[in-house]
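Have a look at the structure below before the remarks.
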Amino acid sequence: PEPMVNLQLVKNDSYEKGTDLMVVNVYVKSVCRETARVIFREQDFTLIFQTRNLIQPEQCSYSFTPSRLDISLKKRHSQRWGALEAPVPQDSRLAACGGLDTVAPRADHVSKPEPAVTTPKPTCMVQPMAHAPPASKERLEEEEEKKVCLPGFTGLVNLGNTCFMNSVIQSLSNTRELRDYFHDRAFEAEINCTNPLGTGGRLAIGFAVLLRALWKGTHHAFQPSKLKAIVASKASQFTGYAQHDAQEFMAFLLDGLHEDLNRIQNKPYTESVDSDGRLDEVVAEEAWQRHKMRNDSFIVDLFQGQFKSKLVCPMCSKVSITFDPFLYLPVPLPQKQKVLTVFYFAKEPHKKPVKFLVSVSKENSRAAEVLESISRSVRVKPENLTLTATSPGLLLV
């Protein structure tokens, strides 16, 4: 058998190019190119890694850079995997690798039946698209020499008080499906240049250029001034360098990308869908198809969903159920707490008052909450306690 080394915590990255290619980057320094090689099989490759579905070993390839090993896996079936590895059964003797975190030693030869091919549920319902042809070897080596950091480790320059914008861009940049979609130039085929609600593709192209800059590794920090200028040309509130709400900026950016990439050229007139006593699944599907008649883009496929609203008429008791699209979900933060100072005076006159600090909700707090808290501390039933307020924040029991 070939000598194998068990490597721990190997730095790696992977992304999908289109629907038929998975690119794996393994970061290893001081590699001996003359003796190192990668062995490809239908269900795994060495460094041993069991892939999620079958690959075509004869069409897989690998190449070395000064600090990295690049592996390209040719998928046997054109589909998105969603992840590189297949789920590892508990009785398997292979090490459970967390994205190339470990590389298990390979035995001499272990014959195993070929697993059945299963098609994972797609994350985004988008049609397969052709991607840009791969760059030449000379160009790849030239780009590799320019790298100053790992892909995805590039920061964003703060333009005044634009940390709100930078945090949004970094969050979207690390949304893998969105990153893969803009990493390939195939998105340009879906640009809607005639949509009056969009920017004629300028926002989508500017966002793609920015994402590629963040994942090329050729900059320690990148200045997103061009993207900001495009956004400000459509939304004057983002003109200048003042602080703004990050959620508001994200909503506008995603909506602008959607309009630039909307596959619907001429939007038809549609009416809202009511339940009329039908099953929720039927109503939801009909409402979604109505929505897609006017709004159909990768942003819709990836980020949008439906709210269910139910109204009951107090006069005739008629129930109306509707499903409305949403781009983001507002999540309430926990209510702030306030601390009250409470002095407990026992019934026995010889006992000294005891001071307690009681935390209650800043909004909708009740006297019963304070009494229940004191009751647990002094072991007296709440109904035997009396609460008296002497000043704001100071109570007597």
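The values are calculated or read from the model by the stated rules, or taken from the named source; none is laboratory data. On a predicted model such as this, the values are computed, not experimentally measured, just so you know. Virtual Cβ from ideal backbone geometry, glycine too; neighbours counted across all protein chains shown. These accessible areas exclude ligands, DNA and RNA; they are computed on the full protein's heavy atoms, side chains included. Shrake-Rupley method; radii C 1.70, N 1.55, O 1.52, S 1.80 Å.
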Check: What is the distance, in nm, between label points placed 7 Å from the Cα along the Cα-to-Cβ direction at residue 79 and at residue 188?
Finding: 3.1
Margin query: Show me the ranking of peptides 288-301, 258-271, 320-333 by mean Cβ neighbours inside 10 Å, starting with the highest.
Written below: 288-301, 258-271, 320-333
Check: Does anything in segment 261-284 have its amide N under 12 Å from the 7 Å Cα→Cβ label point of residue 308, and if so which residues?
Finding: 279-284
Note to self: Please report the spacing between the Cα centers of segment 221-258 and segment 286-360 in Å, no decimals.
What the structure shows: 28
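With a ≥ b ≥ c taken as the square roots of the eigenvalues of the C-alpha gyration tensor of segment 265-397, please select rounded if a/c is under 1.5 and otherwise prolate if a/b is larger than b/c or oblate if it is not?
prolate
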Next item on the list: Could you sort out which of 74/226; 75/228; 234/267 sit more than 29 Å apart by Cα distance in this structure?
Entry: 74/226; 75/228
Margin query: If R₀ is 45 angstrom, what is the calculated FRET efficiency for the pair residue 54 and residue 221, using the beta carbon separation as r and rounding to 0.05?
Written below: 0.65
Item checked: For segment 214-346, accessible area per residue (1.4 Å probe, heavy atoms of protein chains only), Å² -> 61
Note to self: I'd like the FRET efficiency for residue 212 and residue 267, computed as 1/(1 + (r/R0)^6) with the beta carbon distance as r and R0 of 35 Å, rounded to 0.05.
What the structure shows: 0.70
Checklist line | Total formal charge among the other residues, if their Cβ is under 11 angstrom from that of residue 237, Lys/Arg +1 and Asp/Glu -1 | finding: -1
Checklist line | Dipole of segment 156-267, positive direction: furthest Cα of 215, 232, 256, with charges on the beta-carbon | finding: 215
Check: Classify segment 265-323: rounded, prolate or oblate, from the alpha-carbon gyration tensor (a ≥ b ≥ c, eigenvalue square roots; a/c under 1.5 rounded; otherwise prolate if a/b is larger than b/c)?
Finding: prolate
Notebook entry, point to check: What FRET efficiency comes out for the pair residue 338/residue 317, r = Cβ-Cβ distance, R0 = 56 Å, nearest 0.05?
Noted result: 0.85
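Could you sort the peptides 238-251, 221-234, 195-208, 306-319 by per-residue average Cβ neighbour count (10 Å cutoff), highest mean leading?
Highest mean packing first, the order is 195-208, 221-234, 238-251, 306-319.
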